[in-house]
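The values are calculated or read from the model by the stated rules, or taken from the named source; none is laboratory data. Given the structure is predicted, the values throughout are model-derived calculations rather than measurements. Please note: Cβ atoms are built from the backbone with ideal geometry, for glycine as well, and neighbour counts cover all protein chains shown. Protein only, heavy atoms only, side chains kept; ligands, DNA and RNA dropped before computing areas. Shrake-Rupley method; radii C 1.70, N 1.55, O 1.52, S 1.80 Å.
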Amino acid sequence: MSELAHSIPPEAGNPPKAPKAPKVKQAVHQAVWRWHFYAGIIFAPFLIILAVSGAAYLFKPQIEGILYKDLLTVSLTGQQAMSPADIIAKTEKGYPGSTVNSLTLTNDPKAAYSMSVNYAGKATTMYADPYTGNINGSLDSNKTFSAVFKKLHSQLLIDGTWTNRLVELAACWGVILIATGLILWWPRSRSGIWGTILPRLSKPGSRMFWRDLHAVPAFWISIMLILLILTGLPWSGVLGPKISKLADNTNTNVPPYAYSFLPGPESVTVKSKDIADDLPWATQDLPVPLSSASGGYMTLSVNDVEAIVDKQNVLKPYTITLPSGEAGVFTVSTSHKKPDHDATLHIDQYSGAVLTDVRFADYGIAGKLISYGIALHEGRLFGLANQLLGLVAALGLVLISISSYFMWRKRKPDGLGAPSRTKNRKVSIAVLALMLVCGVLMPLVGVSLVVVLLLDWLVIRRIKPLKTWFAA
């Protein structure tokens, strides 16, 4: 109650009236706003990094085509191409101490073959002219444009598991930011299109200007942002394996019968992603079979493997990863813009038997949906339009993150930072319960919620400046 109310004594015989509880809608708005503020002020910087790095990665084909044009293309065409085995042999002879681990074959007559090579103890990508076998040039595999921006997008350029988890945490809170933002955007009374689906920009610099520059674009790109976040989570470190395990347990990823017409793989300890790169998501966890004991057999050449793969109607480009050890297998994986032609094969290095052959048609519903989602996320599902749509979403995320700061500065009372806590205890508990449900669905969010609640209880409420700033 206000000081004025305290100065007026109640009438005789009438007990003082208790203050009215805030209206439910207003209380919900206040509680949601507070969580939205917390999520935004903590994770907006990380979301900006994800948006910028993701936008750059979307245009990887065009950018690398310019940066590495001399490496990726060849000028003399129309000649008879050298065999893959001869190119590998010439490379290892010309670069003493080098070992070729994989070779990517393409049906583009103007494209060089790329090889993953261990050279002087360093992971190196070499680009070979398919007609002469000469190396156009080489790059440190960890320092290419795509490698740098992929690492920025997934690990903030810092090695270690914790940075990957931080990125996943920011992405998960991004989902909550969008959901709570849509609740705050929803008109609380009947209104026109201005301030809801069209911004009011007549008063530049005003709070209304920054509010509309934050809320209206966020509404328009919210669906695309949700799709981008959700389609990125299958690659994440905590939720990713859970998603994969759920799909495997329900046979909606790659059903067991998809391995091949031959007996199932003997090895269950080594997964395909442990021995080969650039595999389709659905087949990364496929168990790797073992080649039969040599028994005097000669190892097949890469030329033989190419012939086997072509007979299996696998479309180029595809990558052949060479066997590692006497029991190793050749692994063939495709690299197509769309997942429809995905193929993952394991081939016995002695007999040439196809031990595993998994195609897109073999995927379950989860495997197919996630594969399409990843293609959408990387901007390759429907060409340039997909890239531009992702770019708009990324730039929009940067815009709404920056505008949120100015909107807050225009509204922030002196000495305060966070929106005040709602006085409706039931609403506060209900909103917290919903947040905890999100924490169950997204484990890292759950951990962060526990940390925030403990900080609020043990630190913020006990230190007066913090208690004032956080309106605790």
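Being assigned to a loop (DSSP other than H, G, I, E, B) and touching a Lys or Arg at 6+ places or on another chain (Cβ under 6 Å) is the filter here, so list the residues in region 311-351 that pass it. Quick ask: steps written out before the conclusion?
Taking region 311-351 first, the residues assigned to a loop (DSSP other than H, G, I, E, B) are 312-317, 322-328, 335-338, 342, 349-351.
Residue satisfying the conditions is Lys337 alone.
Go through region 341-364 and give me each residue that's modelled with pLDDT of 95 or more and farther than 23 Å from Ile275 by Cβ.
Within region 341-364, no residue meets the criteria.
For region 119-162, what are the residues that are open to solvent by 70 Å² or more (accessible area, probe 1.4 Å) and in a strand (DSSP E or B)? Lay out the reasoning, then the answer.
Applying the first criterion (open to solvent by 70 Å² or more (accessible area, probe 1.4 Å)) to region 119-162 yields 119-122, 134, 142-143, 150, 157-159, 161-162.
Tyr119, Lys122, listed by residue number.
Output yes when any residue across region 262-275 is of a type in the set (S, T, N, Q), modelled with pLDDT under 90 and out of contact with any His (no Cβ under 7 Å at 6 or more places or on another chain), and no when none is. Talk me through it step by step, then tell me what you get.
Kept after step one, since they are of a type in the set (S, T, N, Q), are these residues of region 262-275: 267, 269, 272.
Those left that are additionally modelled with pLDDT under 90: 267, 269.
Those still in the list that are out of contact with any His (no Cβ under 7 Å at 6 or more places or on another chain) too: 267, 269.
Yes, because at least one residue in region 262-275 is of a type in the set (S, T, N, Q), modelled with pLDDT under 90 and out of contact with any His (no Cβ under 7 Å at 6 or more places or on another chain).
Within region 438-445, does at least one residue satisfy the condition of being small (Gly, Ala, Ser), more than 30 Å from Ser206 (Cβ to Cβ) and without any contact (Cβ under 8 Å) to a residue 12 or more places away in the chain?
So the first thing to find is which residues in region 438-445 are small (Gly, Ala, Ser), and the list is 439.
Those still in the list that are more than 30 Å from Ser206 (Cβ to Cβ) too: 439.
Next, only the ones that are without any contact (Cβ under 8 Å) to a residue 12 or more places away in the chain stay: 439.
Yes, the conditions are met somewhere in region 438-445.
Test Ser333 against the criterion of being more than 18 Å from Pro61 (Cβ to Cβ), open to solvent by 50 Å² or more (accessible area, probe 1.4 Å) and over 18 Å from the mean Cα position of the chain (by Cα), and give yes or no.
Details: more than 18 Å from Pro61 (Cβ to Cβ): yes; open to solvent by 50 Å² or more (accessible area, probe 1.4 Å): no; over 18 Å from the mean Cα position of the chain (by Cα): yes.
The answer is no for Ser333.
Given the criterion at pLDDT 95 or above and in contact with a Pro (Cβ under 9 Å, 6 or more places away or on another chain), identify the matching residue among Thr104, Thr99, Thr77, Thr91.
On the way: Thr99 fails: in contact with a Pro (Cβ under 9 Å, 6 or more places away or on another chain); Thr77 fails: at pLDDT 95 or above; Thr91 fails: in contact with a Pro (Cβ under 9 Å, 6 or more places away or on another chain).
Only one candidate qualifies: Thr104.
Has region 404-421 got any residue that is under 25 Å from the mean Cα position of the chain (by Cα) and modelled with pLDDT of 85 or more? Steps first, please.
First, the residues of region 404-421 that are under 25 Å from the mean Cα position of the chain (by Cα): 404.
Next cut, modelled with pLDDT of 85 or more only: 404.
Looking through region 404-421, at least one residue is under 25 Å from the mean Cα position of the chain (by Cα) and modelled with pLDDT of 85 or more.
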